[in-house]
Amino acid sequence: HLHAFALDIELTEEEWLAAIDFLTRTGQMCDDHRQEFVLLSDVLGLSMLTIDMNRPAGSGVTESTVLGPFFVDDAPAVPLGGDIARGAPGVPCWVEGTVTDPSGRPLVGARIDVWESDEDGFYDVQYSDGRSAGRGHVFTGEAGDYRFWCVRPAPYPIPYDGPVGGLLQATGRSPMRPAHLHFMVEAPNHHTVVTHIFPRGTDHLDTDAVFGVRDSLIVDFVDEHGGTAPDGREMSGGWSWARFDIVLAPTAG
C-alpha cells in the first residue's frame with residue numbers, strides 16, 4: 001500500500017525527506033509524559049478505527065472511544081456520591097447512572113475510573129504543584145448504581161506545539177476537543193469499556209480533533225441555579241447534572 005501511494009503521488013526525494021523529518025521529530029517529542037505517535041494516530045483517526053474494529057460484538061453495549069493521554073493508574077478512591085473534583089476549578093456537576101449487562105442485570109461492584117480537565121482545560125498532570133484533582137474511582141452499589149460530583153466538562157485543545165500540531169495547521173484542522181468526561185468501567189467476566197460523555201450542544205462535536213464523538217455518548221447536562229441537589233445538598237450558585245447508563249458486554253464463556 002505504501003509503495004502504491006508513493007507511485008500514485010509521484011513522491012519526490014524532497015517530499016520523502018520531509019516525511020522522514022516529520023517522523024523523526026514526532027519520535028523526539030515522546031517521553032514518559034507525552035506520546036506524540038499516539039497523538040498522531042488519534043488525529044489521523046487510526047485510533048478510533050482500531051477501537052471500532054475491536055469493539056465487542058452485539059448491540060446495546062456502551063460505545064468505546066479513545067483513552068487519551070491523561071489517564072493515571074491508581075486514581076484515588078471516592079465513595080458513592082463523593083467529589084472527584086477535589087479542588088479542580090469549575091462549575092459543580094452531579095453525574096449518576098447504572099452499570100448493567102445487555103439484559104439489564106445490575107453489575108454490582110463494577111469499578112468506574114473517571115477523569116477530566118478543569119474549567120480551563122487543564123488536567124492535574126499538567127499542574128506544576130503535582131497535586132491530584134479531577135480524577136478518582138468509585139464502585140457501583142447493590143443496584144449497579146453510581147454517582148459522584150465533578151466539574152462540568154470544558155473544551156480544550158490537544159497538545160499542538162509539536163509535529164502533530166503542525167500537521168493540523170497544514171491541513172486547516174482545529175486542535176480542539178469538545179467538552180467531555182472520561183470513563184473506564186471494569187467488571188468481572190465483562191469487557192472493559194473506555195469511553196467519554198459529551199454535553200449536548202457543546203462546541204466542536206462535529207470537528208473533534210481525534211474523531212472520538214459518537215451520537216450515543218452525547219448526553220444532556222442540565223444547568224441549574226441554586227436549589228437542592230440529588231444528594232440533598234443545598235446549592236447557592238450554578239451547578240449541573242447528567243445521567244449516563246453504561247452497558248458492558250460479557251466476555252465469551
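Round to a whole number: what % of the accessible area of the chain belongs to carbon and sulfur, probe 1.4 Å?
Numbers: 7220 of 13180 Å².
Carbon and sulfur: 55 percent of the exposed surface of the chain.
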Problem set entry | Accessible solvent surface per residue of the chain, calculated while the other protein chains remain in place, 1.4 angstrom probe, Å² | 52
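How much of the DSSP beta bridge set in the chain is antiparallel, as a percent to the nearest 5?
Values: 33 of 43 bridges.
Percentage antiparallel, nearest 5: 75.
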Exercise. Quick one: net charge of M29's neighbours, Cβ under 11 Å, K/R +1, D/E -1?
Worked result: -1
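Ignoring everything except DSSP H segments at least 4 long, calculate the 222 nm mean residue ellipticity for the chain; use -39,500 (n - 2.57) per segment, divide by total residues, nearest 500. Don't jump to the answer; show the numbers that get you there.
On the way: 5 runs with 48 residues, N = 253.
Calculated from helices alone, the mean residue ellipticity at 222 nm is -5500 deg cm²/dmol.
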Exercise. Quick one: which of 105-118, 19-32 comes out on top by average Cβ neighbours within 10 Å, and what's the full order, highest first?
Worked result: 105-118, 19-32
Exercise. Expressed as a whole number of Å, what is the distance separating the alpha-carbon centroids of the stretch 34-99 and the stretch 175-251?
Worked result: 10
For this session: Compute the Cα gyration tensor for the stretch 1-138, then decide on rounded, prolate or oblate, letting a ≥ b ≥ c be the square roots of its eigenvalues: rounded whenever a/c is under 1.5, prolate when a/b is larger than b/c in the other cases, and oblate in all that remain.
Result: oblate
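Rounded if a/c is under 1.5, else prolate if a/b beats b/c, else oblate: with a ≥ b ≥ c from the C-alpha gyration tensor eigenvalues square-rooted, which is the stretch 131-253?
It is oblate, given that a/c is not under 1.5 and a/b is not larger than b/c.
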Problem set entry | Along principal axes, Cα extents of the stretch 5-72, largest first, whole Å | 50, 34, 12
Exercise. When the dipole is taken about the Cα centre of the chain, and only Lys, Arg (+1) and Asp, Glu (-1) are charged at their Cβ, what size is it in debye, to the nearest 20?
Worked result: 640
For this session: Can you check what the net charge comes to around L80, using other residues whose Cβ is under 10 Å from the Cβ of L80 (Lys, Arg +1; Asp, Glu -1)?
Result: -2
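The values are calculated or read from the model by the stated rules, or taken from the named source; none is laboratory data. Since the model is a prediction, treat every value here as computed from it, not as a measurement. Virtual Cβ from ideal backbone geometry, glycine too; neighbours counted across all protein chains shown. Just so you know, the surface numbers come from the protein's heavy atoms only, side chains and all, with ligands and any DNA or RNA stripped out. Shrake-Rupley method; radii C 1.70, N 1.55, O 1.52, S 1.80 Å.
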